[in-house]
1. Could you list, in sequence order, all residues of region 147-193 that are within 43 Å of the chain's Cα centre (by Cα) and under 18 Å from GLN226 (Cβ atoms)?
2. Counting just the residues of region 17-47 that are of a type in the set (A, V, I, L, M, F, W, C) and assigned to a loop (DSSP other than H, G, I, E, B), which one comes out modelled with the highest pLDDT?
3. Would you be able to say whether some residue in region 101-110 is assigned to a helix (DSSP H, G or I), more than 23 Å from the chain's Cα centre (by Cα) and modelled with pLDDT under 90?
4. Take the residues of region 115-133 that are at pLDDT 75 or above and exposed (fewer than 15 other Cβ atoms within 10 Å of the Cβ): which is nearest to GLN154 (Cα to Cα)?
5. Please go through (1) surrounded by fewer than 20 Cβ atoms within 10 Å (Cβ to Cβ); (2) under 16 Å from LYS14 (Cβ atoms); (3) touching a helix residue (DSSP H, G or I) at 6+ places or on another chain (Cβ under 8 Å) for PHE50 and return the number of the only condition it doesn't satisfy.
6. Among all residue pairs at least 6 apart or on different chains, which show Cβ distances below 8 Å where the first residue, located in region 112-124, is under 26 Å from CYS77 (Cβ atoms) and polar (S, T, N, Q) and the second is surrounded by 13 or more Cβ atoms within 10 Å (Cβ to Cβ) and modelled with pLDDT of 75 or more?
7. State which residue is farthest from GLY39 (Cα to Cα) when the search covers only region 64-89 and only residues that are part of a strand (DSSP E or B) and within 25 Å of the chain's Cα centre (by Cα).
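The values are calculated or read from the model by the stated rules, or taken from the named source; none is laboratory data. Note that the structure is a prediction, hence the values are computed from the model and not measured. Positions of Cβ are backbone-derived with ideal geometry, glycine not excepted, and every protein chain shown enters the neighbour counts.
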Amino acid sequence: MIYVKLSPYESYTKWESWQPDSGRTDEACAFVDRNQRWGDATCLLEKYFFCQTDEKGSAKFKYIKMSMKWREAQLYCRTLYTDLASVTDDTENTALTNIISANNGLDAWIGLSKNLWLWSDQTNVSWSSLTWESGQPNNVNGNEECACAGTEGQMADDACSTLRAFYCKTPEVKKQLVRVAVKSSGYLDESAVMKAIEKKMNQILSDQGMNNIIWRVQPDGKIFHQTNNTEKTSTACEEH
């Protein structure tokens with residue numbers, strides 16, 4: 001997992017007194033309201049937004065009156081302008097809020113965000129499935145960007161440089177057991193029969209997205225067993 005603190009605008013902020021609400025882990029994107037204060041919200045909300053241009057002064061910001069999610073707004077600004085707006089002082093912040101008021105708006109996205117916790121393979125986190133230790137995550141000294149799990153299954157954040165034992169993820173494997181009966185009136189060439197079965201099964205498996213056959217060896221070390229009616233049977237295991 002990775003957690004990144006709000007940046008790179010730490011030298012100037014204008015948060016509302018109760019913002020950012022760090023307890024709401026899904027609120028990762030920032031907006032400016034008409035009262036010159038900032039708040040955080042889920043990036044999936046659709047809002048108007050400010051793009052940043054290469055111009056100076058009052059032309060530095062472009063107010064986009066189209067409702068978009070934060071990531072969509074970011075892509076829009078990066079495509080047509082420079083990026084979402086970076087607000088560096090009170091003058092710029094006031095300029096944005098004056099534009100919002102002049103257009104009878106309430107708030108608009110700006111270019112401030114934090115990265116949510118993600119699994120190492122970049123998949124999203126289901127927060128209801130995680131149990132944090134009391135007071136965690138707390139990102140002590142802004143340097144605890146990785147997670148660890150204790151013996152009780154509760155999690156805590158820690159510096160990624162900390163040496164710990166770790167778990168690896170293995171791919172899921174789908175298995176299906178197939179029993180095969182082979183009839184023969186005379187000598188049975190087991191090797192030839194196995195090759196013929198494998199060829200046919202591979203044709204079937206390829207259509208189902210599976211591609212590997214493993215023969216099951218019986219406790220006596222054999223694969224085929226002869227029955228009283230001269231039938232011989234074998235078992236095979238199909239895998240992804």
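1. Those that are within 43 Å of the chain's Cα centre (by Cα) and under 18 Å from GLN226 (Cβ atoms): ARG179, VAL180.
2. Filtering region 17-47 for residues that are of a type in the set (A, V, I, L, M, F, W, C) and assigned to a loop (DSSP other than H, G, I, E, B), the one modelled with the highest pLDDT comes out as LEU45.
3. No, that holds for no residue.
4. THR131
5. (1)
6. SER113/ALA28; SER113/CYS29; SER113/ALA30; SER113/CYS43; SER113/TRP70; ASN115/ALA28
7. ASP83
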